1. Residue by residue through segment 167-190, note down the ones that are within 21 Å of Thr14 (Cα to Cα) and away from ligand 2 (no atom under 14 Å from the Cβ).
2. Please verify whether Arg48 is open to solvent by 20 Å² or more (accessible area, probe 1.4 Å), touching a helix residue (DSSP H, G or I) at 6+ places or on another chain (Cβ under 9 Å), within 30 Å of Ala160 (Cα to Cα) and not assigned by TED's automatic domain parsing to the domain that holds Lys146, treating the condition exactly as stated.
3. Looking only at segment 75-96, count every residue that is under 23 Å from Glu26 (Cα atoms) and open to solvent by 50 Å² or more (accessible area, probe 1.4 Å) and tell me the total.
4. Would you be able to tell me the number of residues in segment 149-193 that are within 16 Å of ligand 1 (Cβ to nearest atom), touching a strand residue (DSSP E or B) at 6+ places or on another chain (Cβ under 8 Å) and open to solvent by 40 Å² or more (accessible area, probe 1.4 Å)?
5. Name the residues in segment 8-20 that are more than 8 Å from ligand 1 (Cβ to nearest atom) and part of a helix (DSSP H, G or I), would you?
6. Name the single residue that is farthest from ligand 2 (Cβ to nearest atom) among those in segment 1-58 being among the β-branched types (Val, Ile, Thr) and in contact with a strand residue (DSSP E or B) (Cβ under 7 Å, 6 or more places away or on another chain).
Amino acid sequence: MLKAVIFDLDGVITDTAEWHYAAWKELANRIGIDFNREFNEELKGISRMESLEKILVFGGKAGLYSESEKLELAKTKNDQYVQLLTKMKPDDIFPGIKELLEELKAKGVLIGLASASKNAPAILQSLEITNYFQTVVNPDEVERGKPAPDIFLKAAEKLAVSPAECIGIEDATAGIMAIKDAGMFAVGVGTIEKMKQAGADLVVEDTRELVLSVLLREFNQ
Ligand code: G6P
Ligand code: MG
């Protein structure tokens, strides 16, 4: 029986995946690294410092910066990103998500957030949806980031449900892998080929398709 739905945030609930891209691109270009959308896909679901490491390797600049310089670079990216976040308002929730949260609440299905973002609580506040969530896992609470299952398992543990009773919703390859490894039903938001390849059980190309009756039908099959 479905007891909980555990959401990713960036790219599932709202379009912040685009803003992460814009902020990383600006930072990468500033240090002479060509950044593109294809490579950006690899950063989805990946923590801030890990993303920076990947960018430096991608640009052939791994090992050129000290730890404190890297912290400074990550701070520069985050400052730029947080600046973009100041424009965020409830209208920026992807279509269908608020309706799904309402449906879940009405049916007594628990709701959790498993985002690698340290900005997640502030974003939920700006979108005015904090109250729907019974748990928001702080990425610092878990040892390994996605694609490891830790953050989804922690969400289930905090909700006191078993992984088999959960649906996880993700837009990132690493996220789908994390959900599957946690033993949950994985819903991918994105292109069918990419999400299926990552292991998604159900794929929607648009968040409007995230309707509880559809999720339940697939989950119960
Ligand atoms: C999410 C995004 C990543 C981002 C990470 C950390 O997982 O998909 O692109 O790097 O969160 O976000 P933060 O807001 O803490 O830098
Ligand atoms: Mg995401």
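1. Ile167 - this is the single residue of segment 167-190 that is within 21 Å of Thr14 (Cα to Cα) and away from ligand 2 (no atom under 14 Å from the Cβ).
2. Working: open to solvent by 20 Å² or more (accessible area, probe 1.4 Å): yes; touching a helix residue (DSSP H, G or I) at 6+ places or on another chain (Cβ under 9 Å): yes; within 30 Å of Ala160 (Cα to Cα): yes; not assigned by TED's automatic domain parsing to the domain that holds Lys146: yes.
So Arg48 fits the description; yes.
3. Residues of segment 75-96 under 23 Å from Glu26 (Cα atoms): 75-88, 92.
From the residues that got through so far, the ones that are open to solvent by 50 Å² or more (accessible area, probe 1.4 Å) too are 75, 79-80, 82-83, 86-87.
The qualifying residues number 7.
4. 0
5. Step one: filter segment 8-20 for residues more than 8 Å from ligand 1 (Cβ to nearest atom), giving 12-15, 18-19.
Result: Glu18, Trp19.
6. Looking only at segment 1-58, we keep the residues that are among the β-branched types (Val, Ile, Thr), and these are 5-6, 12-14, 16, 31, 33, 46, 55, 57.
Retained after the next criterion (residues that are in contact with a strand residue (DSSP E or B) (Cβ under 7 Å, 6 or more places away or on another chain)): 5-6, 12-14, 16.
Numbers: Val5: 15, Ile6: 12, Val12: 6, Ile13: 9, Thr14: 10, Thr16: 8 Å.
Step by step, filter segment 1-58, then rank; the result is Val5.
The values are calculated or read from the model by the stated rules, or taken from the named source; none is laboratory data. Quick caveat, the model's predicted, so the values are computed rather than measured. Because the Cβ atoms are built from the backbone with ideal geometry, glycine has one as well, and the counts that use them run over all protein chains shown. Areas reflect the complete protein model, heavy atoms only, side chains present, ligands, DNA and RNA absent. Shrake-Rupley method; radii C 1.70, N 1.55, O 1.52, S 1.80 Å.
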